[in-house]
Amino acid sequence: MNRAVLRFTLLLKLSQISKFEWALCTLLFLGFIAAAAAKSDFAPILEVFTNPATLLVTGYTFARDSALNQESRSDGEYFALLFSRPVTRPSYVLTKSVVTAVGILVTVGTILVLMLVAQLLMGCSEIIFLDAHKALSLVASAWSFGCLMVFLRALPSKISNIAFVIFIYACAGGALLSYGVKLNDDIPISNPATIITWEIMCDTLQQFFYPAIDTEAIANATTFSFVPLVSYTSNCLLYLLGATVLLNRREFSYAES
Amino acid sequence: MIEITNLSKIYKNKKGASKVLDGVSLSVREGEVLGLIGPNGAGKTTLMHCMLGLVHPTSGNILINGHVPNHLAVKRILAYLPERPLFDGWMTARQFLQYHHMLSGGKDSTAKDDIEGVLDLVQLESSARSRIIRTFSKGMLQRLGLAQMLVGNPKLCFLDEPTSGLDPVSRNLVRSIIGKWKEEGATVILNSHHLDEVERVCDRVAFIQKGRIELIERTRQIENARVSVILKWTGPAGAEERLHEVAAHALFECEIAGPYTARFILRTKSQIPVLVRGLVDAQLDVEELFIERSRLEELFNQGEGKKSDE
C-alpha cells in the first residue's frame, strides 16, 4: 500500500464533502430523533444501513477513480506523473481499496452514531446498536466491498454498470431472502424464467463471489468451517488481482488518444 | 544507462492501427543530455512514455540500468515533467510537493527543508506557495512542475516541452536547472520544439520522424556544421567588393543575395567573430547580421519537406 496515495486520497475525499452531505446527515438525524420519539423499532433501520446493498452503493461512490477507469483519457498526463514515481500498480489498487473501505466505514459509522445519539437523546429504553459480531462483519464487509468496488470501477463502464446492478440485485435479494421473503409468494414476478434466472444469479454470486462474511454464523456454528473464510479471502484476492490486471493494461499517455 | 532496441508501438482503435514508433534503437550514456526533436506526431512523446514505462511497446526492448522501465529501481531515480501539467488543483503548492516528496520516498524529517529549497530554486514567489494550484498561471505551473522533479533528487530526468508557453525568464530558469543536473551528472532526456534551446543544452540530438530516428548528431558536430549568415547593410557605396575581400581573406563563401544584402557561408559557427571583425575592419554600415538557418532547423525543414512531398 502506498502511504502518500492513501494520505492524499483521504484528504481529497475529505475536501469533497459538500453541503449536500451535511444536509443529508442533518435530515437523517432528525429522522432518527422522530423515530426514537415515536418509539419505533430501530432493528430494521440498523439492518438497512448495514445491509450489503447499502455498503455496495456507498463503496461505488468512494471507488470512483480515473486511473482505474479504462475509458478515461482526459487525465492521462496526471496519472503519467503519478506512475512515473515509485508507485506500483498493485499498491495503487490496494490503496484505493483501503480508501473505499475507509469511506464505507466512515459513512455507515457516522449514520450509526447518529442513530445511537438519537436513541440516547430521546431516552429509549432499549438501545439498538451494533454488537461485536455485527461490527466485525461490517469491518470485514467494508474491506471486501472496497476490493469489489475497485474491481468494478476498473472494468469498462458498460460492463461495470451491469455488474454493479447484478451485485445490488443479489445483495438486496440476499437481504430479502434473509427476512424470509419468498420470491414467488411475496414479490409479484409472474414470469418463471425471470425467477429462475434471478435465483441462479443470486445463488451463484452468493455461493462463489459474494464478498461478505457473517462472523456471527461462523462463531455460533456447531462445527467450524473454513469454507466461508476461504471464500471471503479468495474473493477479495480475486477482485484485487482483477483490478491490478486491468490497471496494468492501461497506458497513461495523451499520445494514445 | 538507457538501451532501446528495435522499439515499435502500434496504437489500435476502431478506425484502424497507427504505427507511432517504428524500430527505434537508441542508447543514452549516463550523464548525457539528449534532445528529441521532430515534427508534431513524430513519436517523441510516445518514445518518452515508453522509457517511463507508461506506454507498453508493441515490440522491442528498453533497459534502464539493466532494468525494465517499470522496475522500482528505475522509478526511484527518475523524474518527469509532462507537456501538459495536470496537477492536483485542490492542493497548495507546498502540499503538492509534500505529496511528491512522499511518493519519491523522501524522508519526512527532511521534507520541509527539501520543499522550501526547491521552491527557492524554481523561484516560485512566496505568496504562491500556500495558494491552491487551481489558481496558478501556466508559468507558475511549469515552475511547480520543475519543483516536483527536483524533490526526488533525480538521476534521470525526462522533460516534455518544458519551455512551451513560457516567458524568457522562465525559459532561462529551465535551462539553468538542466545545467545544474548536467553538472551533477544526471541524465536528461529533453523533448522540445525550441531548437536553439536543444542546441544550447544538449550533448546529442535525435531527430525523429514518423516514428523513426532519422539522425543522431552531437551538438558539437552541429556547432561545427556549416552556417549561413545574412548581412544587411546601408552603406557605403561599392561595399560588395569589400565584402568579397573580407570573405576571400577569411576563406568564407560570399554571395550577394539582393540589394544591400549578402549571404556568407561559414564552415563553423566559431567563425562568426572572424566575420564580424572583418566587417568592422571593412568599415561597413551594418544594419543587421543574423544566422539564416541552424543545422537543426535545416533538419526540421527537410523533414517537413518530405512530409509535404508525400
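Being crowded, with 20+ Cβ neighbours inside 10 Å and within 14 Å of chain B (Cβ to nearest Cβ) is the filter; apply it to segment A:88-129 and report the residue that is farthest from residue A:246 (Cα to Cα). For segment A:88-129, the residue satisfying everything is A:95. Elements of the type strands (runs of 3 or more DSSP E) sitting completely within segment B:154-231 and holding at least 1 residues that are surrounded by fewer than 18 Cβ atoms within 10 Å (Cβ to Cβ): these cover B:212-218. The condition (being β-branched (Val, Ile, Thr) and in a helix (DSSP H, G or I)) is satisfied by just one residue among B:45, B:5: B:45. Condition first: farther than 21 Å from residue A:25 by Cβ, β-branched (Val, Ile, Thr) and assigned to a helix (DSSP H, G or I). Can you find one or more residues in segment A:108-117 that meet it? Within segment A:108-117, not a single residue is farther than 21 Å from residue A:25 by Cβ, β-branched (Val, Ile, Thr) and assigned to a helix (DSSP H, G or I).
What about residue B:255, is it over 19 Å from the mean Cα position of the chain (by Cα), on the phi < 0 side of the Ramachandran plot and free of Cβ contacts under 8 Å to residues at least 12 places away in the same chain?
Judged against the criteria, residue B:255 is a match.
Identify the residue in segment A:212-257 that is among the hydroxyl-bearing types (Ser, Thr, Tyr) and within 14 Å of chain B (Cβ to nearest Cβ) and, among all such residues, is farthest from residue A:84 (Cα to Cα). Across segment A:212-257, the extreme among qualifying residues is A:257. Quick check on residue B:92: is it of a type in the set (Val, Ile, Thr), more than 21 Å from residue B:178 (Cβ to Cβ) and either buried (at least 22 other Cβ atoms within 10 Å of the Cβ) or more than 12 Å from chain A (Cβ to nearest Cβ) (or both)? Criteria not met by residue B:92. Taking residue B:100, is it open to solvent by 50 Å² or more (accessible area, probe 1.4 Å) and at pLDDT 90 or above? No: the conditions fail for residue B:100.
Residue by residue, here is whether (1) more than 10 Å from chain A (Cβ to nearest Cβ); (2) open to solvent by 40 Å² or more (accessible area, probe 1.4 Å); (3) in contact with a strand residue (DSSP E or B) (Cβ under 6 Å, 6 or more places away or on another chain); (4) more than 21 Å from residue B:195 (Cα to Cα) holds:
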{"position": "B:9", "(1), (2), (3), (4)": "no, no, yes, yes"}
{"position": "B:23", "(1), (2), (3), (4)": "yes, no, yes, yes"}
{"position": "B:26", "(1), (2), (3), (4)": "yes, no, yes, no"}
{"position": "B:29", "(1), (2), (3), (4)": "yes, yes, no, yes"}
{"position": "B:54", "(1), (2), (3), (4)": "no, no, no, yes"}
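Of the residues making up segment B:60-82, those that are surrounded by 18 or more Cβ atoms within 10 Å (Cβ to Cβ) and at the interface with another protein chain (Cβ under 10 Å from one of its Cβ atoms) are B:69, B:74, B:75, B:77, B:78, B:79, B:80, B:81, B:82. Return the total of residues in segment A:130-172 being basic (Lys, Arg) and either under 15 Å from residue A:244 (Cα atoms) or open to solvent by less than 30 Å² (accessible area, probe 1.4 Å) (or both). Result for segment A:130-172: 1.
With respect to the stated conditions, residue B:116 is open to solvent by less than 60 Å² (accessible area, probe 1.4 Å) and away from chain A (no Cβ under 11 Å).
The values are calculated or read from the model by the stated rules, or taken from the named source; none is laboratory data. Note that this is a predicted model, so its numbers are computed, not measured. For neighbour counting, all protein chains shown are included, and Cβ atoms are generated from backbone atoms with ideal geometry for every residue, glycine included. Heads up: the accessible areas ignore ligands, DNA and RNA and are worked out on the full protein's heavy atoms, side chains in. Shrake-Rupley method; radii C 1.70, N 1.55, O 1.52, S 1.80 Å.
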